[in-house]
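The values are calculated or read from the model by the stated rules, or taken from the named source; none is laboratory data. Owing to the predicted nature of the structure, the values given are computational and were not obtained by experimental measurement. A quick note on method: Cβ atoms are made from the backbone with ideal geometry, for glycine too, and the neighbour counts reach across all protein chains shown. In case anyone asks, the SASA skips ligands and DNA or RNA and just uses the protein heavy atoms, side chains included. Shrake-Rupley method; radii C 1.70, N 1.55, O 1.52, S 1.80 Å.
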Amino acid sequence: MFGRGSFNQLDAILAEKRSDDGFMLFVLDEAHKGKELEKRLPMRKGDMLLVIRTDYEPKTEYIDQYVDQIKAWSNVLPDGVIGLGGGITMDSAKAISLMLTNPGSSQDYQGWDLINNPAVYHVAVPTLAGTGAEISRTCILTGPEKKLGINSDYTLFDQLVLDPDLLAGVPKEQWFYTGMDCYIHNVESLEGHFINAFSRAYGEKSLELCREVFLGDHPESDEKLMMASYFGGMSIAYSQVGACHALSYGLSFVLGIHHGIGCCIAFNVLDEIYPQGVAEFREMMKKQGIVLPKVVTEDLSEEQMELMITTTLNLAPLWENCLGKDWRQKMPRQRVGELFRKM
Ligand code: NAD
Ligand code: ZN
């Protein structure tokens with residue numbers, strides 16, 4: 001569902017799924033705690049509200065705790081899980097809906113197609129646009145050993161409510177960093193080796209919308225950014241991200257740097273790989289008055305740097321998409337280290 005005010009249809013969407021003794025689980029971004037959106041939630045008697053902290057990106061440990069909390073709340077499964085918020089909250093809602101029906105810990109499922117049982121019906125209501133988490137078949141989790149998503153067909157949301165009104169109130173810098181996540185998805189998808197007609201069609205349109213939002217002064221920029229995010233997510237569904245995302249995973253795993261800002265910091269040193277994309281990104285930063293934090297890797301120990309390089313180079317599909325099959329020769333450890341030191 002798309003359009004201003006479409007959030008008002010959520011109650012009717014959920015009504016069809018409600019059973020006599022069941023309940024709905026609302027997974028709400030803490031940004032909305034005590035605010036208008038919380039008051040507008042179509043909650044009925046017996047429904048559960050779970051507020052998601054966003055100071056850290058989702059860890060497998062948190063997902064396991066949330067699932068325990070939900071199972072303690074009721075001995076039946078919820079009829080639906082509704083994730084309302086940014087990428088952290090949407091990914092948490094996806095992971096919860098999967099882990100309610102699959103045994104063990106969420107860390108057992110970090111990888112590709114390891115999920116055996118369908119998830120509980122789950123709905124996304126984004127309140128921040130750019131990640132494409134609303135449409136992707138992954139939910140990115142940090143586990144004790146790795147940062148890797150639960151990638152499966154069951155991960156996909158069953159329903160989306162894209163209401164541009166809900167983007168109101170996002171702080172400017174966050175709006176920019178998450179929006180640039182979308183821009184970078186498109187550049188990495190379109191310039192990658194895995195590109196096909198499907199990915200190109202969505203990636204090109206998403207890129208065009210990003211340019212209108214971040215370089216122009218167009219009306220309906222919330223609508224445009226919401227569609228850019230969706231199309232960017234569709235584009236990488238059939239291709240892959242690249243060097244920037246691989247580096248940002250390293251930054252996140254070792255330093256806890258969040259996804260959007262981490263992608264911006266990494267992209268800014270990738271002139272050699274994405275010359276046009278990086279030049280345009282800097283133009284967007286200038287137009288929007290954004291200044292990136294610098295030298296984030298300055299205080300790292302040798303061990304931390306080595307771990308960051310290993311984490312980054314473990315993401316083989318991303319590097320192969322970016323540099324081709326001989327990516328290992330093109331991106332030795334030393335070159336990754338140099339890139340990190342430039343940040
Ligand atoms: P986020 O979820 O980290 O949220 C950023 C901040 O904005 C938080 O403090 C949040 O509380 C706040 N916020 C959200 N909506 C708001 C609103 N309407 N008004 C005011 N504040 C609001 O940001 P993000 O960039 O959307 O998501 C990043 C996460 O998404 C990471 O965990 C990343 O790994 C994940 N991700 C997932 C995919 C995927 O395909 N599943 C793709 C990219 C990124
Ligand atoms: Zn991303």
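Worth pointing out:
- GNM flexibility winner over the chain from GLY179, GLY289, GLY83 (Cα, springs under 10 Å): GLY289
- Length added when fully stretched, GLU204-ARG44, from 0.36 nm per residue minus Cα-Cα: 53.4 nm
- Relative to the dominant Cα principal axis of the chain, helix 243-255 is inclined by about 70°.
- Normalised by the number of residues in the stretch 19-136, the average gap of Cα pairs under 8 Å and 6 or more apart makes the relative contact order 29 percent.
- Summed residue charge, Cβ within 11 Å of ILE265's Cβ, Lys/Arg positive, Asp/Glu negative: +2
- Annotation note: GluC sites (Glu not before Pro) in the stretch 1-64 located in DSSP loop regions with a Cβ neighbour count of at most 10 within 10 Å are GLU16.
- In the stretch 310-343, the trypsin sites (Lys or Arg not before Pro) that fall in loop regions by DSSP, at most 16 other Cβ within 10 Å: LYS325
- Partners for LYS342 among aspartates and glutamates (Cα-Cα distance below 15 Å; same-chain residues under 8 apart left out): ASP271, GLU272, GLU298, ASP299
- Exceeding the 24 Å Cα-Cα cut-off - candidates LYS33/LYS94; LYS17/LYS147; LYS35/LYS287; LYS17/LYS71; LYS33/LYS286: LYS17/LYS147; LYS35/LYS287; LYS33/LYS286
- Longest to shortest principal axis, alpha-carbon extents of the chain, angstrom: 60, 46, 39
- Multiplying the residue separation of TRP112 and SER301 by 0.36 nm and subtracting their alpha-carbon distance yields 64.8 nm.
- Kirkwood hydrodynamic radius over Cα pairs of the stretch 38-97, then Stokes diffusion coefficient at 20 °C and 1.002 mPa s, in µm²/s: 174 µm²/s
- Degrees between helix 60-73 axis and first principal axis of the chain (Cα, 0 to 90, nearest 10): 0 degrees
- q = 0.08, 0.15 Å⁻¹, the stretch 1-154: log10 I(q)/I(0) [Debye, one scatterer per Cα]: -0.20, -0.74
- Contact order relative to length of the chain, as percent, for alpha carbon pairs under 8 angstrom and 6 or more apart: 15 percent
- DSSP-loop GluC sites (Glu not before Pro) across the stretch 181-280, with at most 10 other Cβ within 10 angstrom: GLU272
- Distance (nanometres) between label positions extended 7 Å along Cα→Cβ at GLN174 and ALA12: 3.0 nm
- Per residue, in Å², the accessible surface of the stretch 191-278 once ligands and nucleic acids are set aside, probe 1.4 Å: 38 Å²
- Here LYS39 is the anchor, and the aspartates and glutamates within straight C-alpha reach of less than 20 Å, apart from those fewer than 8 places off in the same chain, are ASP11, ASP29, GLU30, ASP47, ASP163, ASP165.
- Of the Cα atoms belonging to the stretch 153-312, the radius of gyration and Dmax stand at 16.0, 49 Å.
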